[in-house]
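One structure is given here, and the rest of the page talks about it.
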Amino acid sequence: METLRVIGGKPLHGEIQTNGAKNAAVAIIPAALLVNGICRIENVPDIRDVGVILEMLTYLGAKVTKVDNNTIEIDSSCVSTYKAPYDLASRMRASYYLLGALLGRFGQAEVALPGGCNFGERPIDLHVKGFKALGATVDIIRGQVEARAGHLKGATVYLDKVSVGATMNIILAATLAEGRTVIENAAKEPHIVDLANFLNAMGARIRGAGTDVIRIDGVKSLGGGSYAIIPDQIEAGTFMIMAAAAGGDVLVKNIIPKHMASLVSKLEEMGVEIEEYDDAIRVVRTSPLKPCDVRTMPYPGFPTDLQPQIVALLTLAEGTSMVTEDVWDNRFQYVGELKRLGADISVQGKTAIIEGGNTLHGAPVRATDLRAGAALVIAALASDGVTVINDPIYIDRGYENIELRLSKIGATIERVYISNG
Ligand code: EPZ
């Protein structure tokens, strides 16, 4: 069995580089299915979720060439099937982007209902609403989503709830559709802008990404080109919170500081010193942390994908903090694992109440999902003694080589294989 073994209580010092954004990569790679030509994509994080989506493209018949660890070339010209492999697609949430991409390319798509981290109900009704508005029929049969359209035609789609996935999927389906599609109440996350920028670099006409109204004027075809994925806002935020939790002085490089504004303001409220540069942020923590309240919201609000990590940090702040989860119904399953380390947290509905300031002590814990796993690493770095994190496979879904990169800034963390027998 694979585990991560962390010896806590050591401050972090030095520089750490943020990789390309996972949630941009898992949409941009399927978007290459719309491109008639070779796409060279740089700054691709070498993580499990990207591996799975590349496997799916390969299965569909795309030629995927790994130029180096973080650069790939995709040639989709040979893809001739609109049916995604069931087992792979049902393993990850982002497989739903194959729906928009295959529908856009072939006018039909068959993709398993998506899997991925489980935070309660994860509907796709808004994706379906968008596809139907563009003229597709959509059925869910034997665990598969089957979408068909003779001809996709632009339309106006109002999203009843701000949804990252639905916004991206409608962009994918509309890029080659006839006429104009307008997405109202669109999500504004940095990865939405990145997907639009990628498609525009290949010849699409998408305006307004990053605002709540996106206009897509369908084009006849897209040609190949080169594109570099933006830095990962959530990975950068995780490293910043790690530095604040462990103490010390860390320069997190390859960051777009504007993407980090909500986290920076919370860290400053907690007494952490922050210095911003053009593409880096320095995090220094020398004094005790102060409690604060946090509410997750769509961008530019505080990201839900940093909620477990900030809860882990707040367990170290003397006093009471409240963290309210306003995006997902049930994203506090990891709290029981933090309690094993000595955290005092109670969950009431959508709010976690954290009585901070207890000394945390290392213990065996289990990563229940990707960001929960990151929260456990944060708590482990600040705990006395040894924490063994089981199922680090969840962490590997979104963080490349976590133990190696953290070791370079002074963490004592290693991957240890324990025999089950
Ligand atoms: C994306 O998930 C991310 N995943 C998630 O990151 C992230 O937590 C989430 O956006 C919110 O930022 C990927 O990009 C692959 P949503 P997504 O559609 O697109 C409701 C991580 O840790 N909703 O924006 O699935 C939904 O229930 C992962 O990296 C509908 O009601 O999220 C939720 O309450 C985990 N109907 C809210 O909208 C729909 O059709 C936001 O979901 C779709 C969503």
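Summary of values
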| item | result |
| --- | --- |
| Among the residues listed as ILE140, ILE53, ILE41, the single one being in contact with an Asp or Glu (Cβ under 9 Å, 6 or more places away or on another chain) and closer than 24 Å to ALA21 by Cα | ILE41 |
| Members of segment 86-104 found to be surrounded by fewer than 22 Cβ atoms within 10 Å (Cβ to Cβ) and touching a Ser or Thr at 6+ places or on another chain (Cβ under 9 Å), listed by number | LEU88 |
| GLU189 in contact (Cβ under 8 Å) with a residue 40 or more places away in the chain, surrounded by fewer than 20 Cβ atoms within 10 Å (Cβ to Cβ) and either within 29 Å of ILE230 (Cβ to Cβ) or within 8 Å of the ligand (Cβ to nearest atom) (or both) | no |
| Check on GLY20, at positive phi and of a type outside the set (Ser, Thr, Tyr) | no |
| So VAL272, is it buried (at least 22 other Cβ atoms within 10 Å of the Cβ) and out of contact with any Cys (no Cβ under 8 Å at 6 or more places or on another chain) | yes |
| Leading residue by the ranking (farthest from PRO190 (Cα to Cα)) among those in segment 25-44 that are more than 16 Å from the ligand (Cβ to nearest atom) and among the small types (Gly, Ala, Ser) | GLY37 |
| Meets criteria (in contact (Cβ under 8 Å) with a residue 60 or more places away in the chain, more than 23 Å from the chain's Cα centre (by Cα) and farther than 17 Å from VAL377 by Cα) for LEU289 | yes |
| Residues of segment 312-349 classified as polar (S, T, N, Q) and part of a loop (DSSP other than H, G, I, E, B), total | 3 |
| Filtered residue count, segment 45-89, keeping only those that are outside any helix (DSSP H, G or I), hydrophobic (A, V, I, L, M, F, W, C) and away from the ligand (no atom under 16 Å from the Cβ) | 7 |
| Options ILE234, ILE255, ILE230, ILE274; residue that is more than 16 Å from the ligand (Cβ to nearest atom) and under 29 Å from GLY203 (Cα atoms) | ILE255 |
| Any hit, segment 294-306, residues being touching a Ser or Thr at 6+ places or on another chain (Cβ under 6 Å) and either in contact (Cβ under 8 Å) with a residue 60 or more places away in the chain or over 25 Å from GLY165 (Cα atoms) (or both) | no |
| Selection status of LEU4, touching a helix residue (DSSP H, G or I) at 6+ places or on another chain (Cβ under 8 Å), closer than 20 Å to ALA379 by Cα and at pLDDT 95 or above | yes |
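This table checks each residue for (1) farther than 23 Å from LEU222 by Cα; (2) acidic (Asp, Glu); (3) within 11 Å of the ligand (Cβ to nearest atom).
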{"position": "ARG105", "(1), (2), (3)": "no, no, no"}
{"position": "VAL128", "(1), (2), (3)": "yes, no, yes"}
{"position": "LEU134", "(1), (2), (3)": "no, no, no"}
{"position": "ALA147", "(1), (2), (3)": "no, no, no"}
{"position": "HIS151", "(1), (2), (3)": "no, no, no"}
{"position": "SER163", "(1), (2), (3)": "yes, no, yes"}
{"position": "THR167", "(1), (2), (3)": "no, no, yes"}
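Residues are listed down the side, and each one gets a yes or a no for (1) in contact with a Lys or Arg (Cβ under 7 Å, 6 or more places away or on another chain); (2) at pLDDT below 95; (3) part of a strand (DSSP E or B):
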{"residue": "LYS266", "(1), (2), (3)": "no, no, no"}
{"residue": "GLY271", "(1), (2), (3)": "yes, no, no"}
{"residue": "ASP278", "(1), (2), (3)": "no, no, no"}
{"residue": "VAL283", "(1), (2), (3)": "no, no, yes"}
{"residue": "PRO288", "(1), (2), (3)": "no, no, no"}
{"residue": "CYS292", "(1), (2), (3)": "yes, no, no"}
{"residue": "TYR299", "(1), (2), (3)": "yes, no, no"}
{"residue": "ASP305", "(1), (2), (3)": "yes, no, no"}
{"residue": "ILE310", "(1), (2), (3)": "yes, no, no"}
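Conditions (1) of a type in the set (D, E, K, R); (2) without any contact (Cβ under 8 Å) to a residue 24 or more places away in the chain, marked per residue:
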position	(1), (2)
PRO123	no, yes
LYS132	yes, yes
GLY143	no, no
HIS151	no, no
TYR158	no, no
THR175	no, no
GLU184	yes, no
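The values are calculated or read from the model by the stated rules, or taken from the named source; none is laboratory data. Predicted model, so just to flag it, every value in this text is computed and none were measured. Virtual Cβ from ideal backbone geometry, glycine too; neighbours counted across all protein chains shown.
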